[in-house]
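**Q** Would you mind keeping the following structure in view while I ask a few things?
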Amino acid sequence: MQIITNKIEQSAPVTVAKTHRIVVIDCSGSMSGSLPNIRTALKNKIPTMVQPDDVLSIVWFSGRGEYGTLLEAVHISSLTDLSNVNACIDRFLKPVGLTAFVQPLEEIKALVGRVGMPSAMFFMTDGWDNSYSRKQIMDATIALSGVVDSSTFVEYGWFIVTGK
């Protein structure tokens, strides 16, 4: 019988890169029933999502021309900082109008360029862009591929997607 032992070698400590965390929230009218829960979930997630050297940006959007950066590259290093972020989330993430993806996607690209550090984007919507064509949306999304280091798109709802 042969006994095999594995020697565990010491390696360099793992370091996690500073990350620009970007949260993008749909504030269209169809989100009115979901936004209170989304605000609560976001406030609960931020303390574990944003690490000490990270920065947080929050982008909101609704219809064409209705979008913007609520918070840009905010460091959260104290309970006061977290409380201020939570107050902004509660005050401003409210339903506005229709749904349009292209302008917030373009805003994310500009935001990443201004902040200039590795970025992770989380984009949440209930679904249907009623302002831009599928090609325009895909072009804006593809333009992010060389800019955003990681992305998660969460699209939920009861919509059937057809060729647009």
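The values are calculated or read from the model by the stated rules, or taken from the named source; none is laboratory data. Here the structure is a predicted model, which means the values were calculated and not measured. Reconstructed Cβ throughout: ideal geometry from the backbone, glycine too, with neighbour counts over all protein chains shown. We work out accessible area using only protein heavy atoms, side chains counted, and drop any ligands, DNA or RNA first. Shrake-Rupley method; radii C 1.70, N 1.55, O 1.52, S 1.80 Å.
**Q** Just to be sure I follow the rule: in the chain, considering lysines 8 or more places apart or on different chains, how many pairs have Cα atoms under 18 Å apart?
**A** 4
**Q** Any idea what the dipole of the chain comes to, in debye rounded to 20, about its Cα centre with Lys/Arg Cβ at +1 and Asp/Glu Cβ at -1?
**A** Using Cβ point charges on Lys, Arg, Asp and Glu, the chain gives about 120 debye.
**Q** Evaluate the Debye formula for region 61-118 with equal point scatterers sitting on the alpha carbons, no solvent, and hand back log10 of I(q)/I(0) at q = 0.24, 0.26 Å⁻¹, in q order, two decimals.
**A** Results for region 61-118 at q = 0.24, 0.26 Å⁻¹ read -1.03, -1.07.
**Q** Could you work out the helix-only [θ] at 222 nm for the chain, with each DSSP H run of four or more residues adding -39,500 (n - 2.57) and the total divided by the number of residues, to the nearest 500 deg cm²/dmol?
**A** -10000 deg cm²/dmol
**Q** Based solely on C-alpha atoms, express the radius of gyration and the Dmax of the chain in angstrom.
**A** 19.1, 73
**Q** Once phi is turned into ³J(HN,Hα) by the Karplus curve 6.51 cos²θ - 1.76 cosθ + 1.60 with θ = phi - 60°, what whole-Hz value does each residue of region 41-48 show in order, with x for glycine and proline?
**A** Once θ is set to phi - 60°, the couplings for region 41-48 become 4, 5, 4, 6, 7, 3, x, 9 Hz.
**Q** For the Cα atoms of the chain, what angle does the longest principal axis make with the long axis of helix 102-115, in degrees from 0 to 90, nearest 10?
**A** The angle comes out at about 40 degrees.
**Q** Place the peptides 50-61, 106-117, 146-157 in order of packing, highest mean first, counting for every residue the other Cβ atoms within 10 Å and averaging per peptide.
**A** 50-61, 106-117, 146-157
**Q** Starting from the amide H of residue 127, placed 1.01 Å from N in the peptide plane, find each other amide H under 5 Å away whose residue is 5 or more places distant or on another chain.
**A** Sorted by chain and number, the residues that satisfy this are 156.
**Q** Follow-up question, since we're still on this one. Given H placed on each backbone N at 1.01 Å, which residues far from residue 27 in sequence or on other chains put an amide H within less than 5 Å of it?
**A** Amide H neighbours of residue 27, under 5 Å, 5+ apart: 61, 62.
**Q** May I ask you to give the solvent-accessible area per residue for region 92-164, in square angstrom, as obtained with a 1.4 angstrom probe?
**A** Accessible surface, normalised per residue, equals 57 Å².
**Q** When Lys and Arg each count +1 and Asp and Glu each count -1, what net charge do the other residues less than 12 Å away from residue 155, Cβ to Cβ, add up to?
**A** Taking every other residue near residue 155 into account, the sum is -3.
**Q** Roughly how many percent of the accessible protein surface of the chain is carbon and sulfur, given a 1.4 Å probe and a whole-percent answer?
**A** 56
**Q** To continue, here is another question. Return the long-range amide H neighbours of residue 71 (sequence gap of 5 or more, or a different chain), with a cut-off of under 5 Å between placed amide H atoms.
**A** Answer set, sorted by chain and number: 58.
**Q** How far, in degrees from 0 to 90, does helix 79-92 lean away from the longest principal axis of the Cα atoms of the chain, to the nearest 10?
**A** 30
**Q** What number comes out for the charge environment of residue 28, summing +1 per Lys or Arg and -1 per Asp or Glu over other residues with Cβ under 13 Å away?
**A** -3
**Q** Starting at 0 and stepping by 5 Å, how many percent of the alpha carbon pairs of region 30-82 end up in each bin?
**A** Taking every Cα pair in region 30-82, the percentages come to 4, 16, 23, 25, 17, 11, 5, 0.
**Q** Note down the net charge around residue 53, summing +1 for each Lys or Arg and -1 for each Asp or Glu among other residues with Cβ under 13 Å from its Cβ.
**A** +1
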